[in-house]
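These notes concern the structure reproduced below.
The values are calculated or read from the model by the stated rules, or taken from the named source; none is laboratory data. Quick caveat: nothing in here was measured; it's all calculated off a predicted structure. So basically every Cβ, Gly included, is an ideal-geometry build from the backbone, and we count neighbours across all protein chains shown. Keep in mind that these areas ignore ligands, DNA and RNA; they rest on the heavy atoms of the full protein, side chains included. Shrake-Rupley method; radii C 1.70, N 1.55, O 1.52, S 1.80 Å.
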Amino acid sequence: MSRMTEFVNKERGMMFIPFITAGDPTEDATMELAKMLQSAGASALELGIPYSDPLADGTVIQKASQRALKKGMTLLQALRMVGKMRSRGMKLPVIIFTYFNPLLQMGQEKFFREAAENEIDGLLVPDLPFEESRELEQACHLHNVSLISLVAPTTSEQRLKVIASSAQGFLYCVSSLGVTGVRKKFHPAVFSFLDRVRTVCRLPIAVGFGISSRDQVDELSGHADGFIVGSAIVSMIADRTARLTDPETRPKALAEIRRMLEDKLLDQKVENS
Amino acid sequence: MIKQPQIDKIGKSDRKGRYGEFGGQYVPETLMHALLELEKGFTEAMQDESFLKEYHRILQDYSGRPTPVTHCGRLSREIGGAQIYLKREDLNHTGAHKINNAVGQALLAKRMGKKKMIAETGAGQHGVATATVAAYFGMPCKVFMGKVDVERQALNVFRMKLLGAEVIPVSGGNGTLKDAINEALRYWAANVEDTAYVDGSVVGPHPYPMIVRDFQRIIGDEARKQMIEMTGKLPEAACACVGGGSNAMGLFTAFLKDPVVLYGAEAGGKGTDTALHAATLTKGRLGVIHGAMTYLIQDPNGQIIAPYSISAGLDYPGIGPEHAHLAKSGRAHYEAITDAEAVDALMALNRLEGILPALESAHGLALAMKKAKKMRPDQSLLVNLSGRGDKDVRTVMNYLADSKGNEGGSEQ
């Protein structure tokens, strides 16, 4: 059974899917962060590829991209970094989150070769809506990589059905309109939207955009199977850039982030896996 | 000339909104609903006689259309080739072709029940045009503008504020046009339910390249008729500058089926052998920017590189997808014009015809002057003079002061 299948079939409470940006603040720090998130009970890891013009992202992730780009991070390097993580005990499914242009420049053949070599499980392209993704979807299917689809509260009934029927892995439901970033409130229609998704989707449902507290996660439980946290984690990383960069001060900074996650977001009962 | 792209299989499809392999809708799912709604709204509006009547009425009574065509007798004689004619978009209200599109999109927004408008701007011409129509229709308006552009286009920023618009400086990225577009799209994604995004050029996701072209084609439609009236025939060639390419698309569309040679002038900056240019078709590679597949200036890893031009209106790293298609199919020809060539053309038009063109338009004129030289005096060449140059006076002054200081140095 593939890691992705295993991940979606696991019986558990709300799946926790953290997002971090590859190379923010350094490659070594990213690998250590991933390891920490695994031991804190994450179900899968979303690894963001830094991009110069991230249309779907708010300020926090835009800035993380800028920092990572300054360190020279690329799509190729990030894929190979996952391979290194694997050899150091990373067992979670890894989903590559990349804008379309870097992928286009690398080319399909090379991407899937590297994805196989480095054991990539999923791919999420935020600027490739259903209409543009047919071919990539087929290629993903062929290479056993799950192409994660997104739906939003503005997605029409008809579109939702079509997207849900061809989705792979899990269905990513955007909780609010706009870009990524911490929010106090969800879109008013989010719960009815999620329930609508549930009736047409055979896959698990994960909610993302704006999630930063356990209260929000509790609100969502019963309507979804998992939650994705990006900006909240990325800003914890941003606050500790210098300490995460230095291997000597890194362990303490990682422990701090883990404690904050456990206090703010995770069910206290989550056991180390 | 034009580099043949290595077209990967990823993303190729035969959908509407495509010009050959270019165009498409590469945007987050949160925007798809708005784009589909906009496409439907636009299609219906363009089939509605009363909408079109109102659009043409405002352009006539408010903007001053039809703009004239001017024969440049002295300039043509000095060059010694074809007769040069100018389509005078500089004589529009607010001083550029941008108003045609802003009127059309604002009218469409009103028809679709949108309450607010947003726009992006580089040099400020599209921002001023949008702020102007927002005032005319009494709609609140936000204009996103790169922080660097806010500083170097202080006059246009003040004009927008006078018009009642809110100017939002964008500090992300390089603080120029491409970043302003990103931010406008991000804001739109969060506010799609009551806000219309007034796109300024034939760029962005479908249906924008189509909408902007159709609201700008009035330039070419008028000019085609005017040329026949004035000269008894079609011009042999038509020429315009391209940043995103809206004024060029507006001119070209009327002549696509005619035996008229089409020329586009893109910004060569300090030269296409340097890194300082915005020559997307000459030096760009196939990629995706702001929701469309087209040629763009990027590094080997697909990161977008900030372009350069003396003209803030031309320093865009991409190009409208329909231009990419016209270039690849060979229907239109695009060449890079350097800062120096553009300034020379601007000075020549002032000296010989008493017209101060925008630096953008001076690129088109410079290319036209090169081409006219190789043509016969009984032939004619139509240039779209897309805007007036008042906004660029300081830039030109500084440029001339600098180049005087460098004389005998590396001047080309």
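Observations
- Residues listed by number, segment B:198-220, amide nitrogen under 15 Å from B:ASP258 label point at 7 Å toward C-beta: B:217-220
- Taking segment A:20-132 and dividing mean pair separation by its residue count, relative contact order in percent (alpha carbons under 8 Å, at least six apart): 31
- Per-residue extension of 0.36 nm, minus the Cα-Cα distance of B:ARG152 and B:GLU49, leaves a gain of 32.9 nm for this segment.
- Shown here is the pair-distance distribution of chain B: with all Cα-Cα distances grouped in 20 Å bins from zero up to the longest one, the shares run 29, 61, 10, 0 percent.
- Long-range lysine pairs (8 or more apart or interchain), segment A:1-113, Cα under 19 Å: 6
- Taking all protein chains as shown and a probe of 1.4 angstrom, B:ILE297 keeps an accessible surface of around 20 Å².
- Under 5 Å from the amide H of B:ALA292 lie the amide H atoms of B:TYR26, B:GLY204, each residue being 5 or more positions distant or on a separate chain, with H modelled from the backbone and absent for Pro and chain starts.
- Normalised by residue number, the volume inside the convex hull of the Cα atoms of chain A is 118 Å³ per residue.
- With 10 Å bins from 0: P(r) over the protein assembly as shown, alpha-carbon pairs, percent: 3, 15, 25, 24, 16, 10, 5, 1, 0
- The count of lysine pairs in segment B:44-119 with alpha-carbon distances below 24 Å, taking only pairs 8 or more places apart or on different chains, stands at 11.
- Distance from segment B:268-286 to segment B:191-255 (C-alpha centre basis), Å: 23
- Mean separation of Cα contacts under 8 Å (6+ apart) over length of segment A:91-248, as relative contact order %: 16
- Residues of segment A:161-178 that lose at least 30 Å² of accessible area (1.4 Å probe, protein heavy atoms only) when the other protein chains are present, relative to their chain alone, are A:LEU177, A:GLY178.
- From the alpha carbon centroid of segment A:85-146 to that of segment B:27-55 is 34 Å.
- The spacing between segment A:188-253 and segment A:44-82, judged by their C-alpha centroids, is 17 Å.
- Only beta bridges with both residues in chain B are counted; by DSSP, about 30 percent of them are antiparallel.
- Principal axis dimensions, segment B:249-339 - Cα atoms, whole angstrom, descending: 39, 28, 20
- Under a 5 Å amide H cut-off, with hydrogens placed 1.01 Å from N, B:VAL261 pairs with B:ALA237, B:ALA238 among residues at least 5 apart or on other chains.
- When chain A is treated as a Gaussian network with alpha carbon springs shorter than 10 Å, the biggest mean-square fluctuation among A:PHE100, A:PHE170, A:PHE193 belongs to A:PHE100.
- Summed over both chains, the accessible area lost when A and B associate is about 3400 Å², using a 1.4 Å probe.
- Cα gyration tensor of segment B:114-196 - equivalent ellipsoid semi-axes, whole Å, descending: 19, 16, 8
- Comparing A:GLU248, A:GLU137, A:GLU117 in a Gaussian network model of chain A, where Cα atoms under 10 Å apart are tied by springs, the biggest mean-square fluctuation is seen for A:GLU248.
- Karplus-derived 3J(HN,Hα), 6.51/-1.76/1.60, for each residue of segment A:241-254, Hz, glycine and proline x: 3, 5, 6, 6, 6, 7, x, 6, 8, 4, x, 5, 5, 4
- Coupling constants for segment B:119-133 follow from the phi torsions by the Karplus curve (6.51 cos²θ - 1.76 cosθ + 1.60, θ = phi - 60°), and in residue order they are 8, 10, 8, x, 5, x, 5, 5, x, 5, 4, 5, 4, 5, 6 Hz; glycine and proline get x.
- Total lysine pairs in segment B:183-314 at Cα distances under 29 Å, for residues eight or more apart or on different chains: 5.
- Taking amide H as placed 1.01 Å from N in the peptide plane, A:SER146 has its amide H under 5 Å from the amide H of A:GLY122, A:LEU123, each at least 5 places away in sequence or on another chain.
- Within chain B, helix-based [θ] at 222 nm, where runs of 4 or more DSSP H residues each add -39,500 (n - 2.57), nearest 500: -13000 deg cm²/dmol
- Under 13 Å from the Cα of B:LYS16 - aspartates and glutamates, other chains or at least 8 residues apart: A:GLU131, A:GLU132, B:GLU39, B:GLU322
- Accessible area (Å², per residue) of segment B:174-273, counting only protein heavy atoms and a probe of 1.4 Å: 27
- What the Cα atoms of segment A:1-107 give is an Rg and a Dmax of 13.9, 41 Å.
- Counting only residues at least eight positions apart within a chain, or on another chain, the lysines with an alpha carbon under 17 Å from that of A:LYS264 are A:LYS184, A:LYS185.
- DSSP assigns beta bridges within the protein assembly as shown; of those with both partners inside it, close to 20 percent run antiparallel.
- Rh (Kirkwood; distinct C-alpha pairs) - segment A:82-211, Å: 15.7
- Bridging of A:LYS252 to aspartates and glutamates at a Cα separation below 20 Å is possible for A:ASP24, A:GLU27, A:ASP28, A:GLU32, A:ASP239, A:GLU262, A:ASP263, once same-chain residues fewer than 8 apart are set aside.
- Length-normalised contact order for segment B:180-285 - Cα pairs under 8 Å, 6+ apart - percent: 21
- In sequence order, segment B:310-327 has phi-based couplings of 4, 9, 4, x, 10, 7, 10, x, x, 8, x, x, 5, 5, 4, 5, 4, 5 Hz under the Karplus curve 6.51 cos²θ - 1.76 cosθ + 1.60, θ = phi - 60°, and Gly or Pro positions carry x.
- Computed over neighbours whose Cβ is under 12 Å from that of B:ASN398, the net charge equals 0, Lys and Arg +1, Asp and Glu -1.
- Calculated mean residue ellipticity at 222 nm for chain A: -13500 deg cm²/dmol, from DSSP H runs with n ≥ 4 weighted as -39500 (n - 2.57), summed, divided by the residue count and rounded to 500.
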